[in-house]
Amino acid sequence: TEADVPGWIMARAKEEHGVEFEVSAAQALGAAIGTSLGVLSQEVAKLADFIDERKIITLADVDAAGTKLPSQDRWGWFDLVADRKFEQAGQGLPVLLSQGDSGVSLVIGLATQFLRLGIALEKGPSGLEAVLPHHQTWLAKRVGSQARKWSLLQVDHALEGLLDVDRLLKASPHTDEHFLESWLLGLRVYAEAA
């Protein structure tokens, strides 16, 4: 699935080429290529050769190797929201939508992110790691640190808001950006008030 792609890239690079992929580089490559594993495998091999003697592939390497990177990748955007960087997330939203992401797909991704935050709050990073699919276990540490910025009540509020946004996206003539931006602003106000 799309959510497995960054983890798959990092595992493939390590297992087949003995190199590490920075998370941001794996996310950007995944956002640029998608879920085509054959193409991703070729890109990982190309990047492993590109870095020569070094053992870590960075975002700059992915860009320098000629991969057309999106201006805003969806995983980085989910991290902005989870890190409570609401202003930056608001600025990135129209970019994501202009690159072809839909409001519904972003709501699904956000809901998944907030469910992970809730599990990390209740069970800690190790509890989250235990329930994540194989290619997503690398997320446990990152989501665990993001979870410390939230309360369970705030996570519940965010998920309830996403349910409303999902309903509105499917039933209203307004734009996807309108509903997601309203949700982000409401989340920001709620989080800052708490």
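Remarks
- Computed over protein heavy atoms with a 1.4 Å probe, the carbon and sulfur contribution to the accessible area of the range 88-180 reaches 57%.
- Accessible solvent surface per residue of the range 93-171, calculated while the other protein chains remain in place, 1.4 angstrom probe, Å²: 51 Å²
- Violating pairs (Cα-Cα greater than 31 angstrom) within the set LYS14/LYS123; LYS14/LYS68; LYS55/LYS141; LYS46/LYS149: LYS46/LYS149
- Measuring how big the range 65-132 is from its alpha-carbon positions, Rg and Dmax come out at 13.8, 42 Å.
- Counted over the range 115-194 with a bin width of 10 Å, the fraction of Cα pairs per bin, in whole percents, is 19, 37, 32, 12, 0.
- PHE21 long-range amide H proximity, modeled H, under 5 Å: ILE57
- The C-alpha radius of gyration of the range 1-114, expressed as a fraction of 2.2 N^0.38 Å, stands at 1.07.
- Each label point was placed 7 Å from the Cα along the Cα-to-Cβ direction; for GLU22 and GLU160 their separation is 4.0 nm.
- In order along the range 156-170, the phi-based Karplus estimate (6.51 cos²θ - 1.76 cosθ + 1.60, θ = phi - 60°) of 3J(HN,Hα) comes to 4, 4, 4, 5, 4, x, 5, 4, 4, 4, 4, 4, 5, 4, 8 Hz; Gly and Pro are listed as x.
- Only Cα pairs under 8 Å and 6+ residues apart enter the sum, and on that basis the relative contact order of the range 119-192 stands at 23 percent.
- Selected from PHE50, PHE21, PHE78 as most flexible by GNM, with the chain as the system and alpha-carbon contacts under 10 Å: PHE50
- Each principal axis of the Cα cloud of the chain was evaluated for its coordinate range; sorted largest first, these ranges are 50, 38, 24 Å.
- Near TRP75: Cβ cut-off under 11 Å, other residues only, Lys/Arg at +1 and Asp/Glu at -1. The net charge is -1.
The values are calculated or read from the model by the stated rules, or taken from the named source; none is laboratory data. Quick caveat: nothing in here was measured; it's all calculated off a predicted structure. We place every Cβ from the backbone using ideal geometry, glycine too, and count neighbours over all the protein chains shown. When the accessible area is computed, the model is the full protein with side chains, heavy atoms only, and any ligands, DNA or RNA have been set aside. Shrake-Rupley method; radii C 1.70, N 1.55, O 1.52, S 1.80 Å.
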